[in-house]
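The values are calculated or read from the model by the stated rules, or taken from the named source; none is laboratory data. Because the structure is a prediction, the values reported are computed rather than measured. FYI the Cβ positions are ideal-geometry reconstructions off the backbone, even for glycines, and counts take in every protein chain you see. Note: areas computed on protein heavy atoms with side chains; ligands, DNA, RNA excluded. Shrake-Rupley method; radii C 1.70, N 1.55, O 1.52, S 1.80 Å.
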Amino acid sequence: MARGPSSSSVPSTPLLKDELDIVIPTIRNLDFLEMWRPFFQPYHLIIVQDGDPSKTIKVPEGFDYELYNRNDINRILGPKASCISFKDSACRCFGYMVSKKKYIYTIDDDCFVAKDPSGKDINALEQHIKNLLAPSTPFFFNTLYDPFRDGADFVRGYPFSLREGVPTAVSHGLWLNIPDYDAPTQLVKPLERNTRFVDAVLTIPKGTLFPMCGMNLAFNRELIGPSMYFGLMGDGQPIGRYDDMWAGWCTKVICDHLGLGVKTGLPYIWHSKASNPFVNLKKEYNGIFWQEELIPFFQAATLPKECTTVQKCYVELSKQVREKLGKVDPYFNKLADAMVTWIEAWDELNPSENAIISANGSANAK
Amino acid sequence: MSFVVEDNDVDIVIAALWPDLTALFEGWRPIFSRFHIIIIKDYDLEADLHIPPGFDHHIYTKSDIERVVGSTSINFSGHSCRYFGYLISSKKYVVSIDADCLPARDDEGRPIDAISQHIINLKTPATPFFFNTLYDPFREGTDFVRGYPFSLRTGVECVLSCGLWLNAADFDVPTQAVKPHEKNTRYVDAVLTVPLRTFMPVSGINIGFNRHVLGPVMLPAMRLDGEGKQRWGTMDDIWCGMCAKVVCDHLGLGAKTGMPYVWRVGGGNAWESLKKEWKGVKLMEEIVPFFQSVKLPRTVATAEDCVIQIAAMVRGRLGPVDEVFSRAADAMEEWLRIWKRVGSQGR
């Protein structure tokens with residue numbers, strides 16, 4: 001990626017078409033893919049079909065894909081399938097587990113191509129790739145945002161020893177049109193639309209948590225994949241719409257521990273569907289109260305230095321979840337169990353991937 | 001939320017490092033003319049200042065500074081002259097903009113009222129405890145996103161507003177030398193809170209703050225040997241920004257960064273400056289880890305007391321590393337003495 005003195009020609013972003021899978025959870029249809037065709041067609045898709053497995057989900061012609069329904073998930077994971085949610089888009093994390101690629105991009109089926117202020121279609125995937133391939137800068141905030149973007153740099157006062165940055169594990173994109181609000185906010189402001197295009201990518205500083213939305217999200221699966229468990233949501237569970245939040249808080253704690261970076265900002269997609277706020281309120285209800293306990297828990301979470309891999313970090317976190325959140329609600333004991341099951345399933349399906357991340361954050365190949 | 005920016009709440013402070021300020025004042029006329037403007041003349045400037053008519057302003061010179069402050073070890077020359085403006089102001093809010101800056105224009109070509117934007121930033125809460133992915137949730141047309149804890153949605157008082165610059169960005173000497181033609185053309189339509197325990201280089205080029213709270217902290221302590229008149233040779237703002245962030249974090253207050261933008265003319269020959277020892281760049285390697293490790297006792301409850309504690313730590317831990325830090329600690333303590341005598345009367 002472009003680094004150092006700027007040159008007049010901008011190097012083009014690699015497609016990474018053999019290194020990236022697009023994971024899409026769906027319960028209805030994949031019509032939205034038609035609009036994405038120019039950008040997505042080079043890539044392999046992993047479709048995770050939620051809900052009734054006997055229903056046929058038609059994938060538009062010309063896409064290379066694998067599709068998994070609930071029967072497939074049960075067959076592949078056996079008893080460990082209990083960790084994968086049913087009737088909730090959280091099931092998408094099954095796609096992360098079965099992928100064999102280095103990078104994942106996940107997108108919701110009600111997300112379309114947005115336009116930038118000049119009217120040009122935004123290639124969200126290309127921007128995510130740029131974000132992931134350029135370093136992050138979590139240790140000191142750069143006031144001109146991502147210093148690795150064209151036309152930007154580190155500002156006066158930014159220590160030179162921190163200018164190399166760290167590997168980027170996560171690229172969190174945003175949404176124009178229907179904003180990702182919780183149910184109470186949706187009820188109070190049903191007509192509010194996000195029309196503000198903020199032309200920035202920035203690293204979320206070390207020690208800072210954020211609400212990670214899974215609608216438009218990319219990550220380096222080799223660096224951080226096992227932490228992207230989207231939890232127990234949906235059918236039979238007391239909570240919904242906190243799947244991505246859970247994964248984001250776990251992931252951020254682990255990234256901070258391992259010296260990896262998380263970026264947020266561009267790219268934007270166009271979010272077209274506002275879900276029913278009353279339905280959302282029922283799903284989120286427990287989450288709204290529980291998050292008051294969850295945030296202090298994650299803010300205070302520390303991992304011992306012996307946790308040098310994502311899996312070890314994650315299992316350690318699951319112990320802390322059990323110990324400290326079990327008393328908030330028995331759900332968290334179940335979730336802690338599911339976190340362990342997830343790691344076991346991940347390691348079973350990905351036996352040769354044991355990326356050892358040294359304590360200073362540099363990722364060594366296995 | 002709609003805001004009325006009261007004229008009487010704000011002083012604009014300008015450091016006059018050259019005599020002809022016509023372009024500055026004419027460029028800002030529609031925006032500056034409603035406010036009182038404090039102009040501090042650089043010690044080394046002998047010529048009279050040219051200021052066009054129609055502005056409510058007061059010029060302070062070296063003799064005014066000497067009369068008000070008395071004998072002091074603090075050097076108020078060069079870019080540091082503006083701190084006298086912070087001291088002498090009696091308003092709740094101070095906005096300071098470098099004299100080589102003009103109003104920027106937004107993507108629609110409209111001049112940006114940097115003063116009002118700073119005041120809006122300072123009058124709306126900051127949210128340092130959890131990052132909002134849609135940036136400032138108090139801006140029109142946006143809000144807290146799903147997953148943002150409700151107990152954190154009231155936010156805290158914002159006392160520092162750090163603006164940005166189009167055209168000539170605030171780069172250091174090596175970057176400027178290597179990229180002499182790089183211009184910042186990207187207008188990022190965002191204000192965001194700097195999270196708790198996150199530090200950043202605060203640029204004094206375009207800044208606003210709550211003087212009643214942060215006055216004791218916005219101090220001219222870090223002065224490099226042979227510091228000239230070029231912005232890239234200064235560190236005073238970086239230093240007081242680090243102190244200010246420690247104070248904000250400790251007292252549960254907020255700092256924001258982002259808009260407003262100003263259009264900075266900049267200029268100068270960075271290669272010439274590179275020939276001198278660019279000590280500031282080396283000092284940051286010590287400064288950042290130091291401030292990141294500062295923990296103040298819980299009993300410290302005022303900005304002044306925070307500064308006393310920080311100064312002692314600077315002297316103890318950084319003093320042995322370089323003499324410039326011992327001088328900074330001295331300056332911090334000296335500033336507090338002056339502030340108690342002169343500055344705090346502004347409340």
Practice item. Go over the candidates B:F150, B:F199 one by one and state the one that is closer than 30 Å to A:N286 by Cα and at pLDDT 95 or above. Key: B:F150
Review point. In the list B:P195, B:P201, B:P216, which residue meets the criterion of being out of contact with any strand residue (DSSP E or B) (no Cβ under 6 Å at 6 or more places or on another chain) and more than 7 Å from chain A (Cβ to nearest Cβ)?
Key: B:P216
Check your understanding: Under the condition of being touching a helix residue (DSSP H, G or I) at 6+ places or on another chain (Cβ under 6 Å) and within 12 Å of chain B (Cβ to nearest Cβ), which residue from region A:243-280 is most open to solvent (accessible area, probe 1.4 Å)?
Key -> A:P277
Review point. So is A:E222 outside any loop (DSSP other than H, G, I, E, B) and acidic (D, E) or not?
Key: yes
Check your understanding: Which one of B:G226, B:G147, B:G215 is more than 21 Å from B:A104 (Cβ to Cβ), open to solvent by 10 Å² or more (accessible area, probe 1.4 Å) and not hydroxyl-bearing (S, T, Y)?
Key -> B:G226
Check your understanding: Hey, does region B:20-40 have a residue that's open to solvent by 70 Å² or more (accessible area, probe 1.4 Å), in contact (Cβ under 8 Å) with a residue 12 or more places away in the chain, farther than 30 Å from B:R105 by Cβ and not in a helix (DSSP H, G or I)?
Key -> no
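Within region B:150-163, how many residues are of a type in the set (V, I, T) and open to solvent by less than 10 Å² (accessible area, probe 1.4 Å)? Working first, answer last.
As a first pass, look at region B:150-163 and keep what is of a type in the set (V, I, T): B:154, B:156, B:159.
Checking the rest, the ones that are also open to solvent by less than 10 Å² (accessible area, probe 1.4 Å) come to B:159.
Total satisfying the criteria: 1.
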Study note, to complete from the structure: Residue set B:A255, B:A244, B:A270; condition crowded, with 19+ Cβ neighbours inside 10 Å, closer than 27 Å to B:K91 by Cα and away from every other protein chain (no Cβ under 11 Å); output residue B:A244
Practice item. Considering each of A:P138, A:P117 in turn, give the residue that is at the interface with chain B (Cβ under 10 Å from one of its Cβ atoms), more than 24 Å from B:E182 (Cα to Cα) and part of a loop (DSSP other than H, G, I, E, B). Key: A:P138
Check your understanding: Given the structure, is A:Y105 under 24 Å from A:W342 (Cα atoms), assigned to a strand (DSSP E or B), open to solvent by 50 Å² or more (accessible area, probe 1.4 Å) and in contact with a strand residue (DSSP E or B) (Cβ under 9 Å, 6 or more places away or on another chain)?
Key -> no
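Within region B:154-197, count every residue that is touching a residue at least 24 places away in the same chain (Cβ under 8 Å) and part of a loop (DSSP other than H, G, I, E, B).
Looking only at that region, the number is 17.
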Check your understanding: A:I204 fails exactly one of the following numbered conditions: (1) at the interface with another protein chain (Cβ under 7 Å from one of its Cβ atoms); (2) surrounded by fewer than 24 Cβ atoms within 10 Å (Cβ to Cβ). What is the number of that condition?
Key -> (2)
Review point. Which one is surrounded by the fewest Cβ atoms within 10 Å (Cβ to Cβ), of the residues in region B:164-188 that are touching an Asp or Glu at 6+ places or on another chain (Cβ under 7 Å) and within 27 Å of B:V246 (Cα to Cα)?
Key: B:V188
Check your understanding: In region A:141-176, what residues are touching a Lys or Arg at 6+ places or on another chain (Cβ under 7 Å), open to solvent by 10 Å² or more (accessible area, probe 1.4 Å) and away from every other protein chain (no Cβ under 12 Å)?
Key -> A:F148
Point to revise | region B:200-231, residues that are closer than 14 Å to B:K92 by Cα, outside any strand (DSSP E or B) and in contact with a helix residue (DSSP H, G or I) (Cβ under 7 Å, 6 or more places away or on another chain) | key: B:R211, B:V213, B:L214, B:G215, B:P216, B:M218
